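Before any comments, here is the structure.
The values are calculated or read from the model by the stated rules, or taken from the named source; none is laboratory data. Fair warning: this is a prediction, and the values are worked out from it, not measured in the lab. Note: ideal-geometry Cβ built from the backbone for every residue, glycine included; neighbour counts use all protein chains shown. Accessible surface is based on the protein model in full, side chains and every heavy atom, while ligands, DNA and RNA are left aside. Shrake-Rupley method; radii C 1.70, N 1.55, O 1.52, S 1.80 Å.
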Amino acid sequence: MIDFIKRDNNDIFKMPLLGFIFKNRYFLMFFRLFIVGLFFYAIIYGFYNSSSDNIFTKAVFWGLFWPFFMVVTLGSFGRIFCGICPHGFLGKYITKFGLKKELPVFLSNPMIGGLLLVLGWWMVYYMYPGLYKTPTATAIFFVVLTIYAFIFFFLYKDMAYCKSLCPIGVLTRAYSKVGFTWLGTYKNECSQCKTFDCAKACSYNLKPFTFDKKNSMEDCTLCMDCANSCEAVSFKVKAPSSSLFKKFKSLKSETWIILLITASISITMGFHHALGRSAIVEDFIWVKTARYFEGIFDFGSMDVVGLFAFLYAVAVTIVLSSVGIFLASKVLKTEFNTLFYSLGFAFAPIFIIGGLSHLWEFFFYSNASKIVNGFIQGFALNIEYIKPLASRKDTWVHIFEIFTYLAVVWAFIIMIARIRLVEASKIRKIIAFPLASALIIFYLGLNFYKIYVYKEYGVQQREHNHSKQSVQIQGEKKHEH
């Protein structure tokens, strides 16, 4: 165990404020207890006040936890959400008194949790947009998820739930690689250690002193238990996505979750939400397919257009990425599977950076006021509700669209870096680059096409109206079918 060390200037633990936030065990314990209290209070409040007037429960889960504790921090500091997650925090104590069984092989696949997220949340979200968004439904959803988590924490050891069964576990592992922080150790000081206190302190059975050599933080959730056990542990600011510029051993599930989340969020929202407000919405193939099946079956209250937008987005994403990388593998004379699971990481910025465009716009349109007003309501504060910080008439909000193009640029940069790791001639790499980047190019084209559609045809009369009736439109020009 190392008790004192002279830290590098880029070590966050050396920075007064950030060092206190990320390393002080008392602050971390207080903050985690606060998050646990907020988590369960929001659930209880959801049952207590089940009316639509309850904005607190929705603000906590859909305005605060997901956009800011997840999306914003994941692409910057990394998996710090996992480090404060109520399930993970309480799960450590549950596991200590649990059965400590080995996780069965058939459950040892992180895509189990990933598919729960993609199918159980995102596909359902597009089919029934309001299903999870009522206070009671939100409360029930997180109660069920909590029971599910606690059962597996009790049954299995080494935080197996977080590694394989958590719906966002593989997502946070994959996307954290885009961030600009790195947990490792000081090599010289660490080499003198004989007690391995950092590894002993890790509830996930990881060895932090191997992270630098492996160029992988594996399942590390940045809980900082290792940092509190030994001063040789570091948490440094590095170049964004630095680990993606080198070789590392990855999980196949990481590439698949990147593709499925890209399809579920970035592409589907482009199809369903963005183009779905245009005057020519009925011309798109996912809408035509939905209308065809609506003429055959009664889907009740289901948003059939949303379902087919999701299905087409998944199909387009998998086909473009697979075919593009397959052709690139032929050019590079490299085995397809190896290349697919390596280059797939280049698609990560499409969601984790590109998603910031939508996130920040809606922060000013509605989320900021909903979060503040939600806390005013939830804690009965004697403060007036605040108004949204911007409206759709405020053109300055569109400045956040820069994240869309930043995501494309960064995806191209990572693709170039990953292709450079392949043993092939320079000319072959140049030819392979646009092929492997087919999905990135499509995402860029989709955004340009959206701009063209609204400029050329305008918007429909009622936003997000995907009923079975024909869509009435108003626009700058009237489209002739």
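Yes/no per residue for (1) assigned to a helix (DSSP H, G or I); (2) surrounded by fewer than 16 Cβ atoms within 10 Å (Cβ to Cβ); (3) at pLDDT 95 or above; (4) in contact with a helix residue (DSSP H, G or I) (Cβ under 8 Å, 6 or more places away or on another chain):
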| site | (1), (2), (3), (4) |
| --- | --- |
| N109 | no, no, no, yes |
| Y126 | yes, no, yes, yes |
| Y132 | no, no, no, yes |
| I147 | yes, yes, yes, no |
| Y161 | yes, no, yes, yes |
| Y175 | yes, no, yes, yes |
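If we scan region 293-312, do we find a residue that is hydroxyl-bearing (S, T, Y) and surrounded by 23 or more Cβ atoms within 10 Å (Cβ to Cβ)?
Filtering region 293-312 down to residues hydroxyl-bearing (S, T, Y) leaves 301, 312.
With the extra rule that they be surrounded by 23 or more Cβ atoms within 10 Å (Cβ to Cβ), the set shrinks to none.
The answer is no, given that none of the residues of region 293-312 is hydroxyl-bearing (S, T, Y) and surrounded by 23 or more Cβ atoms within 10 Å (Cβ to Cβ).
Which one is nearest to A328 (Cα to Cα) among residues in region 414-432 that are part of a helix (DSSP H, G or I) and without any contact (Cβ under 8 Å) to a residue 40 or more places away in the chain? Give the derivation first.
As a first pass, look at region 414-432 and keep what is part of a helix (DSSP H, G or I): 414-420, 426-432.
Now narrow it down to the ones that are without any contact (Cβ under 8 Å) to a residue 40 or more places away in the chain: 416, 420, 426-427, 430.
On the way: I416: 13, R420: 13, K426: 13, I427: 12, I430: 10 Å.
Among residues in region 414-432 that are part of a helix (DSSP H, G or I) and without any contact (Cβ under 8 Å) to a residue 40 or more places away in the chain, the one nearest to A328 (Cα to Cα) is I430.
Can you say whether I267 is outside any helix (DSSP H, G or I) and either surrounded by 18 or more Cβ atoms within 10 Å (Cβ to Cβ) or of a type in the set (A, V, I, L, M) (or both), as far as the supplied structure shows? Outline the logic, then answer.
On the way: outside any helix (DSSP H, G or I): no; either surrounded by 18 or more Cβ atoms within 10 Å (Cβ to Cβ) or of a type in the set (A, V, I, L, M) (or both): yes.
It is false that I267 is outside any helix (DSSP H, G or I) and either surrounded by 18 or more Cβ atoms within 10 Å (Cβ to Cβ) or of a type in the set (A, V, I, L, M) (or both).
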Note on region 202-215: residues assigned to a loop (DSSP other than H, G, I, E, B) and open to solvent by less than 10 Å² (accessible area, probe 1.4 Å) are Y204
Failed condition for L356, given (1) modelled with pLDDT of 95 or more; (2) over 19 Å from E254 (Cα atoms); (3) part of a helix (DSSP H, G or I): (1)
Can you pull out the residues in region 43-86 that are part of a helix (DSSP H, G or I), open to solvent by 50 Å² or more (accessible area, probe 1.4 Å) and free of Cβ contacts under 8 Å to residues at least 12 places away in the same chain? Y48
Restricting to region 9-30, name every residue that is open to solvent by less than 70 Å² (accessible area, probe 1.4 Å) and either over 24 Å from K194 (Cβ atoms) or in a helix (DSSP H, G or I) (or both). N10, I12, F13, M15, L18, G19, I21, F22, K23, N24, F27, L28
If F351 satisfies all but one of (1) open to solvent by less than 40 Å² (accessible area, probe 1.4 Å); (2) closer than 27 Å to F180 by Cβ; (3) more than 15 Å from the chain's Cα centre (by Cα), what's the number of the condition it fails? (3)
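Listed residues V233, V237, V143; which is more than 30 Å from N49 (Cα to Cα), touching a residue at least 40 places away in the same chain (Cβ under 8 Å) and out of contact with any Cys (no Cβ under 9 Å at 6 or more places or on another chain)? Steps first, please.
On the way: V233 fails: out of contact with any Cys (no Cβ under 9 Å at 6 or more places or on another chain); V143 fails: more than 30 Å from N49 (Cα to Cα).
After ruling out the rest, the residue left standing is V237.
Hey, any hits in region 430-448 for a residue that's modelled with pLDDT under 95, within 26 Å of the chain's Cα centre (by Cα), open to solvent by 20 Å² or more (accessible area, probe 1.4 Å) and closer than 30 Å to G344 by Cα? First the steps, then the outcome.
Going residue by residue through region 430-448, those that are modelled with pLDDT under 95 are none.
No, there is no match, as no residue in region 430-448 is modelled with pLDDT under 95, within 26 Å of the chain's Cα centre (by Cα), open to solvent by 20 Å² or more (accessible area, probe 1.4 Å) and closer than 30 Å to G344 by Cα.
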What do you reckon, is V314 modelled with pLDDT of 95 or more, under 21 Å from the mean Cα position of the chain (by Cα) and under 21 Å from P129 (Cα atoms)? yes
Extreme residue, surrounded by the most Cβ atoms within 10 Å (Cβ to Cβ), among residues of region 377-414 that are among the acidic types (D, E) and under 22 Å from G270 (Cα atoms): E401
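Among the residues of region 223-255, how many are assigned to a loop (DSSP other than H, G, I, E, B), of a type in the set (A, V, I, L, M) and open to solvent by less than 10 Å² (accessible area, probe 1.4 Å)?
Filtering region 223-255 for residues assigned to a loop (DSSP other than H, G, I, E, B) gives 223-224, 230-232, 238-241, 246-251.
Cutting the leftovers down to of a type in the set (A, V, I, L, M) gives us 224, 232, 239, 251.
Okay, now just the ones that are also open to solvent by less than 10 Å² (accessible area, probe 1.4 Å), so 224, 232.
Here the count works out to 2.
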